[in-house]
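Bear in mind that the values in this text are calculations on the coordinates, not laboratory data. Keep in mind the model is a prediction, meaning the values are calculated, not measured. Reconstructed Cβ throughout: ideal geometry from the backbone, glycine too, with neighbour counts over all protein chains shown.
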């Protein structure tokens, strides 16, 4: 069993906003993180997959293929977008890093499986001080 | 002559947008950087001041005071805000990193001078790959 | 189950020193790490907590609250102090990074629990090359 | 149980090359990673060992001794060498990061054990975006 | 006057080798850096250009265009190549970081000028501890 | 003219302390930075030298020699020491980063000159947020 991690990045706008509540209540709950004018981050994404080394190819999974999957299913839809309103798999979600991590896991699980590997972890750094990791249920 | 640099960070939303042009023309000029739904970054700011070492105090300028000036004049107005619409000293500007750097220079020049030092450089990292530095005219 | 990590930093003095032995024996055991004049580090602390995402709030634990707990119970007592002699929860300990990590775990376990999360890991980087992690017994 | 990680670095040349195939087939499989003129990397190695804290010494294992073991068994043979042709424990291997990680694990397992600790993980960063970790079978 | 820096990376093989001398003399001069089996690095390149901010566009130079120039004239020829033997603008050079920096400067000076900016600096990190910067004659 | 930078690190104890004043006055001036029990840092040092590339050797100065000079004149005396009391070239100084930078400049100027290069800059990072640079008078 070997673990392979690919790092990718995306820059996006978001706000903490519970659609069941109004702007005032959201601001009370989340403070400036719920600023109605939005704010944004350079999110750093670490995707870890696991499996056996293919003895003939020497690797677990073609790294270029893994990169392409992450770009297609995650980075292209998210980069330079609004996470709350413009991304098919996060629009309407309460756009916390926790929920973004789970949504990215769901985007990647099947495509990684089709390549013969297993998704192990989705880790996101929202800032240099805050990280969220999801390993599945 | 000694140079002292303080690093601070802010996370904000912006888009490349020339208010003299429409959304379509802006998108053509700037691509996804002009996404009307905004995007954002973790901007890293490096402020460098210069001057002589105070022989009795051992430093050029009280670092805590320099930090407070940067927080008051730059970070508090910018952090978790929309650079294009919510920040007094950048609202209405074409919100490029170049223009943000000049605007931050203008915010800091006088307050740093009052502390007996001289502003030398304002440097901003927009992403880990893009940096802008302004040294005054 | 989701994992949330908060990074904080403290700068402190310490020396490797077994109080049952004299200076000479300590220097023989630990070399310059036991220098009686002290030395110090910029310690980087990673605190990871785990639990379920609150479906209404979108997060595992309020990040601002987690930060406040780490500041109150760990950073304020340790920062700009002498780990061997001035910190209630490490004074008298053999001030290795291993023992500091366990002592920080003990400081944080209950306060994190009261917030409805569970402490998962305390990781410390003493330098850019040396790291210690403690996951509890 | 405590985990101690030591970071070391080596710069080496390699190419992806399956010796059962010719240059053309290798180039087709691996692209420019199989360039016959070689390329190279600054590999970053993280070695994690685990065990109990020695109550008298305050540490899991003497960090200087751990560093010496990694230097002797891994860094000296690999640094400024050709991984495919000049390193006893990797020559002839398909020089993927996956296989290098396993080979380094095999180099370190016994020497770490003799020091009273247990090897937990060998992690290699090939670039700032690609990482491989091996935890044993 | 504003300064804009773009960071790019390339991984390549090289050795310190003066073609006027034999392998033995080169090894004596440069030690293991002249290993005939090659070694390699993840080189990090910082290209800084300078000029005035275009008042209508808000930037000094289109960052995407600057990136494309660096990729075309520097990264594509160097990445996953042998600096001593496979790169048109460095082959036959004594492949020190100093000479590589000057060669990259010569590659970029005119293409940057055609975009209306002026090349200010080429900086290369060979490892995390060694950097070379060239500002022109 | 080419610029070569070497990064080295040292971990040391210090306090801000003006020996003409008592502990109380120093604490009032410098706050916890003057803690009588000391604190410490992982200082990161960047030494930049400049000169012409030797056309036969391909470099400005032998990097191994530059490293040895920095280790001998700066790192060995400072690492794991008390900057205020145990280092010949800083003892008795008001141990600010500014004064440490000037003291290191004075240590290195002549030895670098003897190697045929010229000292250009001494830069120190005290923490990841604070930097001091000295370029000579």
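Beta bridges assigned by DSSP with both partners in chain D are antiparallel in approximately 95 percent of cases.
Sorting B:11, A:91, B:121, A:96 by the number of Cβ atoms found within 10 Å of their own Cβ, with the fewest placed first, yields A:91, B:121, B:11, A:96. Exposure proxy for D:60, B:21: other Cβ atoms within 10 Å of each Cβ, ordered fewest to most, give B:21, D:60. Rounded to the nearest 5, the antiparallel percentage of DSSP beta bridges internal to the protein assembly as shown is 95%. Chain C residue nearest the rotation axis toward B, with distance: C:9, 7 (Cβ to axis, whole Å). If you wrap the Cα atoms of the protein assembly as shown in a convex hull and average its projected area over all directions, you get 34.8 nm². The ranking of C:131, C:89, B:17 by Cβ neighbour count inside 10 Å, starting from the fewest, reads C:89, C:131, B:17. Each listed q (0.12, 0.13 Å⁻¹) maps to a log10 I(q)/I(0) for segment D:57-137 from the Debye sum over equal C-alpha point scatterers, namely -0.36, -0.43.
The angle between the Cα long axis of helix D:97-114 and the main principal axis of chain D comes to about 30°, on a 0 to 90 degree scale.
Measuring between their Cα centroids, segment A:3-54 and segment D:78-134 lie 35 Å from each other. Working from Cα pairs under 8 Å separated by at least six residues, relative contact order for segment A:9-137 is 30 percent.
Sorted from nearest, the other copies put their residue A:106 label points 4.4, 4.4, 4.6, 5.7, 6.6 nm away, the label point being 7 Å from Cα in the direction of Cβ. Taking only the C-alpha atoms of chain E, Rg followed by Dmax gives 16.4, 60 Å. What is the calculated FRET efficiency for residue B:1 to residue B:75, with r their C-beta to C-beta distance and R₀ = 22 Å, to the nearest 0.05? My answer for the efficiency is 0.25. With its label point defined 7 Å out from Cα along the Cα-to-Cβ axis, residue F:92 lies at 4.0, 6.0, 6.0, 6.6, 7.5 nm from the matching points of the other copies, in increasing order. Legend: mean number of C-beta atoms from other chains within 10 angstrom of residue C-beta atoms, peptide D:81-88, equals 3.
Note on A:4-13: average number of Cβ atoms from other chains within 10 Å of each residue's Cβ is 6. Over segment B:68-113, the fraction of Cα-Cα pairs per 10 Å bin, rounded to whole percents and listed from the shortest bin up, is 29, 59, 12. Per-residue mean of foreign Cβ neighbours for B:37-49 is 6 (Cβ atoms of other chains, 10 Å radius). A point 7 Å from Cα along Cα→Cβ stands in for residue D:20, and the other copies hold the same point at 5.0, 5.8, 5.8, 6.6, 8.0 nm, listed in rising order.
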